[in-house]
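Comments concern the structure below.
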Amino acid sequence: MNMLTQKEFFLSVEKFSAKKLNEKQKEAIVHTEGPLKIIAGPGSGKTEVLVLKALYLITVKGVNPKSIFLVTFTRKASEEFLSRLVTYAGALKAKHPELSFEAYDIYSGTLHSLAIRVMEEFQYSKFEKYRLLGDFEREIFIFKNFYEETKKEEFLPLYKLFEKEEEIGEELYLKRLSLLSLLFEFIPQNNIPSNRLIKEEYLPLSIAGNLYRKYVNLLKENHYIDHTHIEKLFLQFLNSEESEIFIEGDGTDYFPGIRYVLVDEYQDTNPLDEKIYFTLVRKSKNLTVVGEDNQSLYRFRGAVVDCFINFEKSCEKYLGRKAVKVELLQNYRSDKQIVAFINYFLKRHKSHKDYKLSKAWERLSIEKKILFSSGVEAYKATENSIIEIEGDEEELAEKCYYLVKELKGRGIISKYSDVVLLLPSTREDKFAGKVREVFERRGISVYNPRAKSLIYQKETGVMLGALLKIIPEEANIPESLKETVAIWKETFERESSEELKKKVKELSSAINPENLNILELFYQLLSYEPLKSFKENFLISVNLARLSQLISSFSQMVEDKNSLIQEFYRTFLFILSVKGADLQEVKEVPQDMFPIMTIHQSKGLEFPIVIVGDTENISGDWRLGKLEELFSRFLKSYIHDFSWERSILDAVRRFYVAYSRAQYCLVILRKKELLPYDKNRPWKTAAFPGFDLRWYKKFTEKFHRKVKNGERSKNRETS
DNA sequence: CAACTCAAGCTTTTT
DNA sequence: GCTTGAGTTG
């Protein structure tokens, strides 16, 4: 294939790339051989760099697209990457007709999707037998197979580490099941060898090992596989002879082998992922990772930020090479005041006098400062780019409403989707629900696709209520399920037609437990009002379809008719009510709706105006720290002396991500009055903007004084 | 208003 | 199991 020179490449790129590339970005693009670590702060154009790097490899270095393996963290990110890649590739080809390559040939996607694609493509012998367990199905699988194990005395030494002594009964068993579900991901994600666990003298460890092994065997026996074990299997594939053509190629253009591996969001990599990446590049050594330690948000999912922090060390250890480091700290997204704010926010926590994050910080982050770009300025409507609003939940929701309405009324924003409300959780039994209520009462629709609200929809309520009426009640309903069951039944009573009620009565008297088919009942009920006319609304019928899908996977997993009813209540309904299920998501946020998102969901996105709520929330899953402590000997790096600091650090990072999504205006909601000083929990009174107006005010005053005095930041962009 | 006591609560997501 | 928020005490 014809190739471009580096100069030609960058000259062409300037024509279609949105912004002029800075020297650091160019450096990251042209460094192709050997390991490379790109530290990419918020808004530093890392997707652009990744896309251009892939194109550079193809058009300048003459690399076959099929030998590039590019991993993104989410499907959405992968779509964004591919669409930009194809657009740019088109532009390059138009300018240089001599180029001929197919951008789509790149291996790009999430690690899971790539693992499946590769194992299918290269017909890995061990893969074909498995059926993939989704999240919901996996939960059902564990409930079904491990319920009895939660009652066994012999496993108590493990369970007790996570329980209060007085706890008893059904709720306790359910808690244990949820612990097991966590455990069966934790062990493989951290590459903990089960054969060594089993031999441990400390009982909780050997019990965990045995239970995990049982899980793995049960998966195998039933020909199932879950997401974590897809990765495990992929690693096995990479270490087997069968992967030779894939990794090393056969000399043809058809199988060129993997020569370049690029990984995005590397700060959220777990040790299992890490092993996969280093195995992929064991020959080529060309591994590029992109990330930022402070945006590590997925510890609950096994992410170990150390993989990113200590990337250089791992390169020396596994590849025998020194990694090159490039820092992209120029922020092209946010207004100057917002950039100053996010830097200050981090700095404040790092050196706070009341709690020492400094130690955690030293080990788990990289010293740096985000730089602002002088070009990013807009919305001069307010004096400050940062606004703080205080009040109780009701007031905050109201004030949010008036703010959004005012912005639209004054023409500062053209559509509601220019603003976003970011929250740690968007479930509607919390603040998000209040916001929806206030907004919709006053005529602005709210778009909150991740509210886990499928089971609270009218249509699903009627359907589940009807099914509950038909299927005889299981005596042993867990307490926590009773409330939701009542809601479903009530929805059924309120919303259903006489016709439907009659049918339900008829079906319930004719029911035969030995011959129960829940899915069949579901379809029968669909022909009665109001379910019948629900089907005419697209979104509603999609929701019903999702429910039928869940029922279908459940029915398939419980073959034993004798336990079907029991499992329906104890497992299916319980998981449904506890974990919830999401509504169908629309591709683009509807413009005339006000969007609410989780902070996690907002990662990688940017919005003109960002409102952040629940800013005092620092809660985390305590079981994680406990698990890390329990398995410390087997972990890549466990740091003993600051476990509680980790939850603060996690929270700091969560809000850092939220704040850094804002382009022109950041609104912070403060829920509570300032609490009196408490020496046992100093962060409550000092740490988050949600708790202390003073430090935020101090920041603003200082910022404006600086601007007034004409004092210019040393770190200002040069352009 | 600092210090102590005690019962209630415990999110986030990849395919 | 640990943190949190409300309530109590000195």
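Every number in this text was worked out from the coordinates using simple rules, so none of it is lab data. Keep in mind that what you see is a predicted model, and the values were worked out from it rather than measured. Every residue, glycine among them, receives a Cβ derived from its backbone with ideal geometry; neighbour counts consider all protein chains shown.
How much length is gained if the chain between A:VAL216 and A:GLU120 is pulled fully straight, taking 0.36 nm per residue apart and subtracting their Cα-Cα distance, in nm to one decimal?
32.4 nm
Along Cα→Cβ, 7 Å out, is where each label goes; now give me the distance between the ones at A:LYS579 and A:LYS322 in nm to one decimal.
A separation of 4.8 nm, rounded to one decimal place.
Only Cα pairs under 8 Å and at least 6 apart count here; give the relative contact order of chain A as a rounded whole percent.
17
Is it possible to state the helix-based mean residue ellipticity at 222 nm for chain A, with each DSSP H run of 4+ residues giving -39500 (n - 2.57), the sum divided by total residues, to the nearest 500 deg cm²/dmol? What is it?
The helix contribution divided over chain A gives -14500 deg cm²/dmol.
Going 7 Å from the Cα of A:LYS15 in the Cα-to-Cβ direction, what parts of the range A:88-116 have a backbone nitrogen less than 18 Å from that spot?
Answer for the range A:88-116: A:88-101.
At a Cα cut-off below 13 Å, give the aspartates and glutamates reachable from A:LYS322, other chains included and same-chain residues fewer than 8 away excluded.
A:GLU33, A:GLU312
How would you order A:532-542, A:222-232 from highest to lowest mean count of nearby Cβ atoms within 10 Å?
A:222-232, A:532-542
Could you pull the Cα extents of chain A along its three principal axes, largest to smallest, in whole Å?
The principal-axis extents, from largest down, are 79, 63, 57 Å.
What full-extension length gain, to one decimal in nm, is calculated for A:SER563 and A:GLU479 as 0.36 nm per residue of separation minus the Cα-Cα distance?
Gain on extension, A:SER563 to A:GLU479, equals 28.2 nm.
Label points 7 Å out from Cα along the Cβ direction at A:LYS458 and A:ASN515: separation in nm?
Placing both labels 7 Å beyond Cα along the Cβ direction yields 3.6 nm.
Figure the gain on full extension for A:ASN239 and A:HIS96 (residue separation times 0.36 nm, minus the Cα-Cα span) and round it to one decimal in nm.
Result for the pair: 47.4 nm of gain on full extension.
Past the 23 Å Cα-Cα mark, which pairs from A:LYS452/A:LYS489; A:LYS61/A:LYS232; A:LYS434/A:LYS702; A:LYS61/A:LYS369?
The answer is A:LYS61/A:LYS232; A:LYS434/A:LYS702; A:LYS61/A:LYS369.
Quick one: if the Förster radius is 51 Å, what FRET efficiency do A:VAL30 and A:LYS405 give, using the C-beta to C-beta distance and rounding to 0.05?
FRET efficiency, A:VAL30 to A:LYS405: 0.55.
What list do you get for A:ASP135, A:ASP273 if you sort them by fewest beta carbons within 10 Å?
A:ASP135, A:ASP273
Straight-line reach only, C-alpha to C-alpha below 16 angstrom: list the aspartates and glutamates that A:LYS532 could link to, leaving out same-chain residues fewer than 8 apart.
A:GLU459, A:GLU495, A:GLU498, A:GLU499, A:GLU520
Per residue, what volume in Å³ does the convex hull of the Cα atoms of the range A:525-614 enclose?
Normalising the Cα hull of the range A:525-614 by residue number yields 167 Å³.
With a length cut of 20 Å (Cα positions projected on each helix's long axis) and a Kyte-Doolittle mean of at least -0.5, go through chain A and give me the DSSP H helices that pass.
A:75-95, A:170-189, A:203-221, A:336-350, A:538-557, A:643-659
Counting only Cα, what are the radius of gyration and maximum Cα-Cα distance Dmax of the range A:133-222, in Å?
When restricted to the Cα atoms of the range A:133-222, Rg and Dmax are 12.8, 37 Å.
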